[in-house]
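To start, the structure itself, in structure tokens.
Just so it is clear, none of the values below were taken in a lab; they were calculated from the coordinates. Quantities reported herein were computed from a predicted structural model and do not represent experimental measurements. Counting neighbours? That spans all protein chains shown, and the Cβs are built from the backbone with ideal geometry, glycine included.
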Amino acid sequence: MIKTSLKNRIYLSPPHLSGNEKKYIQEALDSNWVAPLGPNVDAFEKELANYVGVNDAVAVSSGTAAIHLALSLLGVQTGDIVFCSSLTFIASANPILYQGANPVFIDSEPETWNMSPQALEEAFNSHAKEGKLPKAVILVNLYGQSAKMDELLTICNYFDVPVIEDAAESLGSTYKGVSSGTFGNFGIYSFNGNKIITTSGGGMLVSNNTSLLEKARYLATQARDPAKHYQHSSIGYNYRLSNILAGVGRGQLEVVEERVNARRRIFTNYSNELSKIPGIKFMPELNNSISNRWLTTLTIDQGITGVSVNELIDSLEEENIEARPVWKPLHLQPLFKGVTYAQHSKNIDVSRELFETGLCLPSGSNMTEEDQERVIECIKNVLVKKSIL
Ligand SMILES: *Cc1c(COP(=O)(O)O)cnc(C)c1O
């Protein structure tokens, strides 16, 4: 049995309110604009589009809904193929199944932990040979880190296949000075409770194609045709964000840069304290990119440290500290048994290795220095017991 400490629980990535959320919620309540949609939704969309530098944005009920709308706008349907990063949260790929389409998973490469251009090219070539090109590619920016956009987009453009950029975890990150989430035909963000900013639950679909985003608004409100009566000629969804929650989002977006700085500071502290330990390696940061360091993640070489990821997670839990393994790759999920997978190279399954050795540390932007000290001490103590230190 795991003995739990009496100390305060340190969560992986809890919500962090700015205080300004109340003002926008109050405005919505005072004006009785609780529904439908409303001024906070319109403003939140404009403010986010401005912040990341795109023409328009559509506020929706979740990041998952945003991915689903993007697939629908790209005409993905039953029997189509969609390429998707394997090392990601299930929400990246579930909407492929909603559309009755078939995912093909692409491995990561070691420098970013994101989609391997080599594996992507190989998947494109083998599918092109059979005349079965994918209808879309879903690129994920994991834990705030941008994927190798130039290399990946060159391949997608060559085969003329549109890209959906899953930036659920990378709001506030940049690649060559440009905002993460703005590289694909569509980008999506999540405001789930654990993300860098939250609306308690919500998401955003962004694009420079304003006419397709108008269509997204139509699909997200039950696809109601222009008529006095209720008339529908395509499948719609109930996916819009409420005016109250958009108020929370506006209060959060005002402090997003502070949140990025706080998480980067937390990463630097961990890295200063732990990166010199043999067998511990932190997630790298790609040249010319800035990660929001949503979660500080590292890998542990058990052969060197004598400690497995799970042992370390259990030891942290005993100290009432929440830590998690890296996402379990989708090609290893029972749901996707038998699905085609393109590996980084013949003998190296990078995403599997990262899953087997990867650990996410508590990284909330409201984490105190004392809390961080507790996490660092606990990790050092475990390694001391194994006489590594
Ligand atoms: C959180 C997350 C999503 C889904 O966002 P929700 O708002 O929870 O639906 C999608 N992709 C990735 C990589 C995520 O981390």
Checklist line | Candidate lysines - alpha carbon under 22 Å from Lys385, same-chain residues fewer than 8 apart omitted | finding: Lys3, Lys7, Lys276, Lys281
Notebook entry, point to check: For the chain, what percent of Cα pairs sit more than 34 Å apart?
Noted result: 30
Check: Based on the mean of other beta carbon atoms within 10 Å per residue, what is the order of 128-134, 284-290, most packed first?
Finding: 284-290, 128-134
Notebook entry, point to check: For a paramagnetic label modelled at 7 Å from the Cα of Asn288 toward its Cβ, which residues of region 100-115 fall within the zone defined by backbone nitrogen distances under 20 Å?
Noted result: 109-115
Checklist line | DSSP beta bridges in region 256-385 [antiparallel fraction, %, rounded to 5] | finding: 100
Next item on the list: Would you calculate a helix-derived [θ] at 222 nm for the chain, using -39,500 (n - 2.57) for each DSSP H run of n ≥ 4 and dividing by the full residue count, to the nearest 500?
Entry: -11000 deg cm²/dmol
Notebook entry, point to check: For the residue pair Asn272 and Ala223, what label-to-label distance in nm results when each label sits 7 Å from Cα along the Cα-to-beta-carbon direction?
Noted result: 5.5
Next item on the list: Mind jotting down the distance between the C-alpha centroids of region 78-157 and region 335-384, whole Å?
Entry: 21
Notebook entry, point to check: How many nm is it between the label spots at Glu370 and Leu133, if each spot is 7 Å from the Cα in line with the beta carbon?
Noted result: 6.0
Margin query: Quick check on the chain: of the DSSP beta bridges with both residues there, what percent are antiparallel, nearest 5%?
Written below: 60
Notebook entry, point to check: lysines within cross-link reach of Lys129: Cα-Cα under 28 Å, excluding same-chain residues under 8 positions apart?
Noted result: Lys148, Lys337, Lys346
Notebook entry, point to check: If you take the Cα Rg of region 256-385 and divide it by 2.2 N^0.38 Å, with N the number of residues, what do you get?
Noted result: 1.13
Next item on the list: Note the full-extension length gain between Ala35 and Gln231 as 0.36 nm times their separation in residues minus their Cα-Cα distance, in nm to one decimal.
Entry: 68.4 nm
